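Supplied in structure tokens, the structure appears directly below.
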Amino acid sequence: MDRSENRFMTPTEVAEALRVSNDTVLRLIASGELPALRVSPRILRIPTPAFAVFQSGLIPARRSVVRRRRTAEVSFGADERLTERQPA
């Protein structure tokens, strides 16, 4: 697979390119030296341009991540109200 066509790399692909272990790549990500995106709780992806900057010896500025939590409350309109379910 040609890396120039992919927008993102897996930690395993980065480890192979750098000739280090997966754990080393994960440590680089955790320290902020190598930017990565968390796609799901278990999946990380490294943007190819960020990897190229890292390979050149530069450390990209760490960007803050905005996290929004959903509220547990349900909001109702002016004419709506919560009704209890009737047993079937």
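The numbers here are math on the coordinates, done by the rules we state, and not lab data. None of the values given here were measured: they were computed from a predicted structure. No Cβ is skipped: glycine too gets one built from the backbone with ideal geometry, and neighbour counts run over all protein chains shown.
Please find, within segment 13-42, the residue that is nearest to the chain's Cα centre (by Cα) out of those that are closer than 19 Å to Ser56 by Cα and of a type in the set (S, T, N, Q).
Once the filter is applied, the top-ranked residue is Ser31.
Restricting to segment 14-58, and then to whatever is of a type in the set (D, E, K, R) and in contact (Cβ under 8 Å) with a residue 12 or more places away in the chain, can you tell me which residue is surrounded by the most Cβ atoms within 10 Å (Cβ to Cβ)?
To start, the set of residues in segment 14-58 that are of a type in the set (D, E, K, R) comprises 16, 19, 23, 27, 33, 38, 42, 45.
If we keep only those that are in contact (Cβ under 8 Å) with a residue 12 or more places away in the chain too, we end up with 33, 45.
Details: Glu33: 12, Arg45: 17.
Looking at the filtered set, the residue picked out is Arg45.
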